[in-house]
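First up is the structure itself, then whatever we jot down about it.
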Amino acid sequence: MIPRRTFIQKTSLAGAAALLLPGCISNLKNPLKTMGIQLFTVPLSLSADVRSGLEQLAAMGFNQLELFGPYPFSDPANITSWKAVTPMLGFDGSGYFGLSQTEFLNLARTLGFSIPSMHTDLATLENNMDALAEAAQAAGATYLVLPSIPEEYRKDLDGYRSMADRFNKIGEKALERGVRFAYHNHGYGLKEKEGITPIDLIFSGTDPQSVFFEMDIFWTMAGGADPISLIEKHPNRYKMMHLKDMKELVYFAEDGDNPSEWIPLFPYMCSAGQGVVDWDRLITVAKTSGVEHFFVEQDMVANPEIALPQSIEFLSKRL
């Protein structure tokens with residue numbers, strides 16, 4: 001089960017209800033040529049009416065989607081865990097949101113969306129790569145992304161070393177099937193343990209030709225790392241970014257291993273340009289270091305019809 005789901009289990013659904021997008025239309029005159037959104041930002045609207053939800057995102061100026069699972073072909077264990085969580089979430093949509101793969105992809109293309117990336121789970125990556133890669137190719141997606149390492153596999157440095165080995169195997173299988181594997185690093189693993197920074201074990205232990213990364217700006221900062229320095233340290237490894245700002249610089253109480261540390265930081269998330277991120281420098285470094293796709297993601301955003309256009313308007317002047 002991915003951490004964002006665990007978080008929501010422990011979070012009030014009152015805030016989640018605000019994710020419905022009631023007729024939100026933005027009249028940006030010059031939307032970005034490529035501006036993406038991670039669909040977990042607005043799962044309620046998509047679960048309620050996927051066509052209307054996507055139409056509203058398109059009207060705001062988004063034209064790239066990053067999907068999240070599970071999908072119909074996902075590992076059964078992941079599907080089962082998702083079903084166990086959905087009653088507490090207040091929505092049950094994921095993947096293609098009740099449509100067939102063909103129906104969803106046709107709708108997305110009709111609205112002008114491309115789909116460069118799909119989030120999935122570790123079990124599906126390891127046990128069902130054939131179906132996953134086939135679905136990605138049908139969508140035109142290049143990247144298959146693991147949103148997080150399950151907590152049980154990162155309890156110590158040996159756990160990180162083991163995950164690096166598993167990532168190499170996943171990355172090789174992905175390339176053999178014409179797609180790429182990427183790991184979305186959260187805020188954990190960015191502080192030293194026994195003189196070693198765990199994320200460094202992932203970078204040094206993986207093949208740069210087959211294992212790539214997606215950075216979440218907010219959680220990287222919350223974990224005590226500087227996003228710019230991390231990108232510069234590992235050129236051409238980060239291929240995607242989740243963009244959200246931080247009202248003021250705050251850190252996890254410890255290593256950011258679990259929801260008890262994430263929850264207190266959610267009020268500090270804000271639209272791009274309304275916080276402490278040095279966006280001009282960050283985007284310049286990201287582009288020169290090989291980042292290919294930028295996705296707005298504001299977890300549990302309270303007023304998407306306001307917050308999301310604010311991010312687009314700000315970023316459109318910089319991307």
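Annotations
- Residue that is farthest from THR34 (Cα to Cα) [pool: residues in the range 289-302 that are at pLDDT 95 or above and out of contact with any Pro (no Cβ under 6 Å at 6 or more places or on another chain)]: GLY290
- Matching residues in the range 275-303 - criterion: being touching a residue at least 40 places away in the same chain (Cβ under 8 Å) and basic (Lys, Arg): ARG281
- Residues in the range 222-239 that are among the charged types (D, E, K, R), in a loop (DSSP other than H, G, I, E, B) and either touching a Cys at 6+ places or on another chain (Cβ under 8 Å) or within 19 Å of ASP278 (Cβ to Cβ) (or both): 1 in all.
- Restricting the range 278-319 to residues that are more than 18 Å from the chain's Cα centre (by Cα) and of a type in the set (Val, Ile, Thr), the residue that is farthest from THR220 (Cα to Cα): ILE306
- Residue check, PRO309 more than 30 Å from ARG161 (Cβ to Cβ) and touching a residue at least 60 places away in the same chain (Cβ under 8 Å): yes
- Tally of residues being hydrophobic (A, V, I, L, M, F, W, C), in contact with a Phe, Trp or Tyr (Cβ under 9 Å, 6 or more places away or on another chain) and in a loop (DSSP other than H, G, I, E, B) across the range 250-264: 2
- Note on the range 149-198: residues that are assigned to a loop (DSSP other than H, G, I, E, B) and either over 20 Å from the mean Cα position of the chain (by Cα) or without any contact (Cβ under 8 Å) to a residue 12 or more places away in the chain (or both) amount to 9.
- As for the range 258-277, it holds at least one residue that is buried (at least 19 other Cβ atoms within 10 Å of the Cβ), in contact with an Asp or Glu (Cβ under 7 Å, 6 or more places away or on another chain) and among the β-branched types (Val, Ile, Thr).
- Pair list, Cβ under 7 Å, 6 or more apart: the range 94-116 residue under 20 Å from ALA59 (Cα atoms) and free of Cβ contacts under 8 Å to residues at least 60 places away in the same chain, other residue aromatic (Phe, Trp, Tyr) and surrounded by fewer than 16 Cβ atoms within 10 Å (Cβ to Cβ): none
- Any chance LYS247 is closer than 18 Å to PHE314 by Cβ and either among the aliphatic types (A, V, I, L, M) or out of contact with any strand residue (DSSP E or B) (no Cβ under 7 Å at 6 or more places or on another chain) (or both): no
- Taken together, the criteria place SER148 among residues that are among the small types (Gly, Ala, Ser) and closer than 27 Å to ASP255 by Cβ.
- Some residue of the range 268-283 being in a loop (DSSP other than H, G, I, E, B) and closer than 30 Å to GLY140 by Cα: yes
The values are calculated or read from the model by the stated rules, or taken from the named source; none is laboratory data. These figures come from a predicted structure and were not determined experimentally. As a convention, Cβ positions derive from the backbone with ideal geometry for all residues, glycine included, and neighbour counts pool all protein chains shown.
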